[in-house]
Amino acid sequence: MADKPATATLSFGGRSLELPMQSPSVGPDVIDIRKLYAEGDIFTYDPGYTSTASCMSTITYIDGDRGELLHRGYPIDQLAQKSHFLEVCYLLLYGELPTAGQLEDFETRVTRHTMLHEQMLYFFRGFRRDAHPMAIMVGVVGAMSAFYHDSTDIADPWQREVAAIRMIAKMPTIAAWAYKYSIGQPFVYPKNSLDYAANFLNMCFAVPAEDYVVDPILSKAMDRIMMLHADHEQNASTSTVRLAGSSGANPFASIAAGIACLWGPAHGGANQACLEMLREIGTVDRIPEYIARAKDKDDPFRLMGFGHRVYKNFDPRAKVMKESADEVLALLGVEDNETLKVAKELERIALEDDFFVEKKLYPNVDFYSGIILNAMGFPTSMFTPIFALSRTVGWISQWKEMIADPQQKIGRPRQLYTGAGRRDYIEVEDR
Ligand code: CMC
């Protein structure tokens with residue numbers, strides 16, 4: 001095999017620049033353009049960063065063509081079959097699978113941090129009852145910097161560690177309480193005897209008036225949803241966390257920014273939008289109308305839960321999620337549900353239709369997660385908060401990696417300016 005070139009040559013305006021090449025451990029080579037402006041007085045233009053690596057990272061690798069997702073090298077399907085959410089959290093945060101002792105210690109640390117400062121309860125009560133739980137999450141997570149000052153000094157590795165544990169531990173409590181508040185039920189405090197996923201289900205569905213027993217199949221499905229959403233390299237919300245954190249903002253504020261970004265329907269908000277779309281379609285006979293709308297260039301409608309920026313073959317998370325969906329639906333006996341029939345038929349048509357095949361639009365993780373969460377009894381408004389609590393470990397791992405990176409700089413993209421050139425101010429009476 002020919003040696004890889006050490007540089008790439010860029011020619012423009014009769015000049016040429018040699019740009020160093022960087023080789024990743026896996027994946028395509030990267031042209032290092034950091035000196036481009038200083039040496040060439042020229043920028044690159046890449047809206048949506050489709051061809052731009054914004055950082056070096058050792059956490060997650062995605063091969064979009066092969067439909068492969070690796071966390072610290074381990075394939076997501078192996079993790080989904082053999083591991084569990086808190087073990088994956090450890091792996092993402094510290095880089096290796098834990099020993100039994102390390103895992104026990106980590107689980108204890110997370111479990112001991114699940115309660116919220118009692119005064120935060122009043123903060124929840126300040127919201128309108130009909131507030132979207134994501135709105136509450138953005139507010140409450142941002143407010144954590146006001147409640148936990150002792151872990152906001154980003155220069156102190158110990159404080160960064162405490163902030164990470166706090167965030168992973170408290171996010172389920174925040175999401176569950178946002179839900180409880182919206183339905184007018186009392187907040188349920190965390191229970192240390194339950195595992196992470198079961199504890200979340202208990203905080204969402206228990207009431208003081210009667211006992212609630214968490215079904216192990218449901219808590220396993222919840223754990224899997226969390227695992228499958230744990231990290232996804234430099235997606236929009238993670239890049240937002242990195243960008244916010246690059247200015248030195250504290251981790252709680254940076255992650256509140258990530259939650260805001262995740263809320264959008266093109267990103268984490270797609271799980272809510274997808275189920276709402278399935279309900280709007282309503283019956284199988286109306287699917288062709290919606291498929292026609294998705295194909296119509298003049299119609300902004302998109303099939304929610306389909307397509308992905310990076311996966312152009314299939315979404316490996318969707319494959320595992322589909323298996324989980326089948327298990328949960330069988331357990332709950334909701335296989336005959338009309339929304340589900342629409343989902344299954346839509347999936348079948350889209351996978352066979354030339355338009356979707358050519359554009360490589362496959363059902364993504366959000367297509368199936370919404371179906372499971374709906375069957376579990378969650379309202380659609382809780383789908384994105386559950387994504388947020390699952391992605392928190394990814395955000396905090398990436399944030400920690402960025403802070404410890406000696407090459408880290410404040411994120412500051414440039415632009416291709418197309419506005420007016422310099423012009424002189426005109427007095428109002430002369431305009
Ligand atoms: N329905 C219909 N057409 C679509 C869809 C869709 N869901 N997604 C992409 N296309 C078309 C799009 O119109 C474009 O066509 P053309 O080349 O003729 O202009 C082509 O496919 C490429 O689309 P794009 O917008 O350039 O692709 P992108 O990589 O910028 O967008 C995406 C990726 C996920 C935002 C997009 O596929 C989408 O909006 N999907 C629906 C929302 C969704 O399910 N999001 C969840 C993503 S997975 C979880 C997560 O990241 O949070």
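Listed by first and then second residue, the pairs with beta-carbon distance under 9 Å, at least 6 apart or on different chains, first residue in the stretch 35-60 and under 27 Å from residue 230 (Cβ atoms) and away from the ligand (no atom under 16 Å from the Cβ), second among the basic types (Lys, Arg) and outside any helix (DSSP H, G or I), are 58/72; 59/72. One residue alone among 225, 287 is closer than 15 Å to residue 366 by Cα, away from the ligand (no atom under 11 Å from the Cβ) and either more than 21 Å from the chain's Cα centre (by Cα) or not acidic (Asp, Glu) (or both), and that residue is 225.
With a requirement of 1 or more residues that are of a type in the set (Phe, Trp, Tyr), touching a helix residue (DSSP H, G or I) at 6+ places or on another chain (Cβ under 8 Å) and in contact (Cβ under 8 Å) with a residue 60 or more places away in the chain, the helices (runs of 4 or more DSSP H) lying completely within the stretch 113-204 that satisfy it span 120-125, 157-182. Checking 304, 321 one by one, the residue that is modelled with pLDDT of 85 or more, assigned to a helix (DSSP H, G or I), within 16 Å of the ligand (Cβ to nearest atom) and touching a helix residue (DSSP H, G or I) at 6+ places or on another chain (Cβ under 8 Å) is 321 and no other. When the residues of the stretch 36-51 are filtered to those that are outside any helix (DSSP H, G or I) and not polar (S, T, N, Q), the one that is farthest from the chain's Cα centre (by Cα) is 41. Of the residues making up the stretch 373-383, those that are assigned to a helix (DSSP H, G or I) and either more than 15 Å from the ligand (Cβ to nearest atom) or under 9 Å from the mean Cα position of the chain (by Cα) (or both) are 374, 375, 376, 381, 382.
Of the residues 179, 212, the single one that is at pLDDT below 95 and over 18 Å from the mean Cα position of the chain (by Cα) is 212. The condition (being among the basic types (Lys, Arg) and within 17 Å of residue 311 (Cα to Cα)) is satisfied by just one residue among 66, 34: 66. Report whether or not residue 274 is within 13 Å of the ligand (Cβ to nearest atom), in a helix (DSSP H, G or I), in contact with a His (Cβ under 7 Å, 6 or more places away or on another chain) and of a type outside the set (A, V, I, L, M). Spelling it out, it is not the case that residue 274 is within 13 Å of the ligand (Cβ to nearest atom), in a helix (DSSP H, G or I), in contact with a His (Cβ under 7 Å, 6 or more places away or on another chain) and of a type outside the set (A, V, I, L, M).
The values are calculated or read from the model by the stated rules, or taken from the named source; none is laboratory data. In this text the structure is predicted, and so the values were computed from the model without any measurement. For neighbour counting, all protein chains shown are included, and Cβ atoms are generated from backbone atoms with ideal geometry for every residue, glycine included.
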